[in-house]
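Reading through the structure tokens given below for one structure.
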Amino acid sequence: MADHQDSPQEVAAKFLAKLKDSPFVMIGLTDGQHSEPMNVKLDDDQPNTLFVFSAKDNRIAAGGVAMAQFVGKGHDFFACLAGTVSEETDRATFDKLWDNRVEAWFPNGKQDARLNRFDVSSAELWETDVSVSGRLKMLFGGTIHAGESSSHAVVDSVA
């Protein structure tokens, strides 16, 4: 059985590390349209905010209440984030986050791009680090108990 349950702050810190390792989320406004995969940029000076470059006519460009979902590279971490999308109007932030990977998506450069900010209001995070006994139960059958399966946190912020 797992002998330590991570605090919400520890789970949130793991989420940020996982997001830096694989900076992709599914994000969408809660207006009935589907979410789409987007590359996230983080600014350590602005906690609880994810930044996403998009075309000016992208479906999230209208702004509003939104949800974002994240799955870690190894399918060992999951997150669902609630918040609000709006346009980031600070040119210094735009320039700070612009890089070659972003530029590759915008053949005409910065004039075709819009920087969206997703201000996180709450998050639900799951780390699926199954214990050794839990792994054996998965192989041979048996019930995995909560202490063997994962860490789960509901947080008002991720920083």
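Brief remarks follow.
- Leading residue by the ranking (nearest to Asn116 (Cα to Cα)) among those in the stretch 12-66 that are loosely packed, with under 14 Cβ neighbours inside 10 Å, under 15 Å from the mean Cα position of the chain (by Cα) and of a type in the set (A, V, I, L, M, F, W, C): Phe24
Quick grid of which residues meet (1) part of a loop (DSSP other than H, G, I, E, B); (2) touching a Phe, Trp or Tyr at 6+ places or on another chain (Cβ under 9 Å); (3) modelled with pLDDT under 95:
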site: Glu10; (1), (2), (3): no, no, yes
site: Lys14; (1), (2), (3): no, yes, yes
site: Lys18; (1), (2), (3): no, yes, yes
site: Pro37; (1), (2), (3): no, yes, no
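- Residue list for the stretch 20-35, filter: in contact with a Lys or Arg (Cβ under 8 Å, 6 or more places away or on another chain), at pLDDT below 95 and outside any loop (DSSP other than H, G, I, E, B): Asp21
Here is a yes/no grid of residues against (1) free of Cβ contacts under 8 Å to residues at least 60 places away in the same chain; (2) within 15 Å of Glu36 (Cβ to Cβ); (3) among the aromatic types (Phe, Trp, Tyr):
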site: Phe53; (1), (2), (3): no, yes, yes
site: Asp95; (1), (2), (3): yes, no, no
site: Trp98; (1), (2), (3): yes, no, yes
site: Asp119; (1), (2), (3): no, no, no
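- For the stretch 97-109, the set of residues classified as surrounded by 14 or more Cβ atoms within 10 Å (Cβ to Cβ) and touching an Asp or Glu at 6+ places or on another chain (Cβ under 8 Å) consists of Leu97, Phe106, listed by residue number.
The values are calculated or read from the model by the stated rules, or taken from the named source; none is laboratory data. Keep in mind the model is a prediction, meaning the values are calculated, not measured. Glycine also receives a Cβ, built like all others from the backbone with ideal geometry; neighbour counts cover every protein chain displayed.
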